[in-house]
Amino acid sequence: MKRKISSDSSSQAEVKLNLKKADEKIQSAELLYSKRFYNDSASRAYYALFHAIVACLRSKKINLEQHKHNYILNQFRAHFIDTSILPVELYGKIQNIKASREQADYSIKFSISENDARVILEDARQILQNIQEHLALKMLEE
């Protein structure tokens with residue numbers, strides 16, 4: 001699915017909407033974890049990060065015509081990780097959560113354990129907090 005996102009006027013609104021969606025997804029992940037739906041918890045944790053990453057990219061007014069996950073993650077790495085705006089170890093954790101999500105969603109032979117789901121949720125919360133703090137500082141500077 002391709003979507004064209006307009007320029008400056010909507011980017012700040014999109015940042016806020018994506019952060020709201022990220023918050024909803026992480027809350028869903030926590031609820032699913034508490035109900036022992038570990039595969040779905042990992043999936044929602046990944047999508048919380050995905051929406052937070054989109055918020056980061058839109059904060060820099062980066063065009064997201066290509067709405068493919070790898071493209072968006074590569075743009076995030078180039079603009080926020082490789083430039084040391086956010087810590088490099090976050091990207092490895094994001095990739096691990098993405099891989100776990102893909103296995104949980106698409107493999108019938110794979111299930112995420114309670115411990116792995118807990119680690120994914122903790123990592124996702126930490127990454128989300130880093131992104132939210134960065135964006136809050138950026139908005140104060142504008």
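The values are calculated or read from the model by the stated rules, or taken from the named source; none is laboratory data. Since the model is a prediction, treat every value here as computed from it, not as a measurement. Cβ coordinates were reconstructed from backbone atoms using ideal geometry, including for glycine residues, and neighbour counts include every protein chain displayed.
Here is how the numbers come out for the structure above:
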| read-out | value |
| --- | --- |
| Residue match in segment 62-76 (condition: in contact (Cβ under 8 Å) with a residue 60 or more places away in the chain, surrounded by 13 or more Cβ atoms within 10 Å (Cβ to Cβ) and acidic (Asp, Glu)) | no |
| Any chance Ile112 is in contact with a Cys (Cβ under 7 Å, 6 or more places away or on another chain), crowded, with 19+ Cβ neighbours inside 10 Å and either in contact (Cβ under 8 Å) with a residue 60 or more places away in the chain or β-branched (Val, Ile, Thr) (or both) | no |
| Helices (runs of 4 or more DSSP H) (entirely within segment 26-142) containing at least 1 residues that are of a type in the set (D, E, K, R) and closer than 22 Å to Ala13 by Cα | 38-59, 114-141 |
| Residue within segment 80-96 that is modelled with pLDDT of 95 or more and touching a Phe, Trp or Tyr at 6+ places or on another chain (Cβ under 7 Å) present | yes |
| Given (1) of a type in the set (A, V, I, L, M); (2) over 16 Å from Ile120 (Cα atoms); (3) buried (at least 19 other Cβ atoms within 10 Å of the Cβ), index of the condition Ala42 fails | (2) |
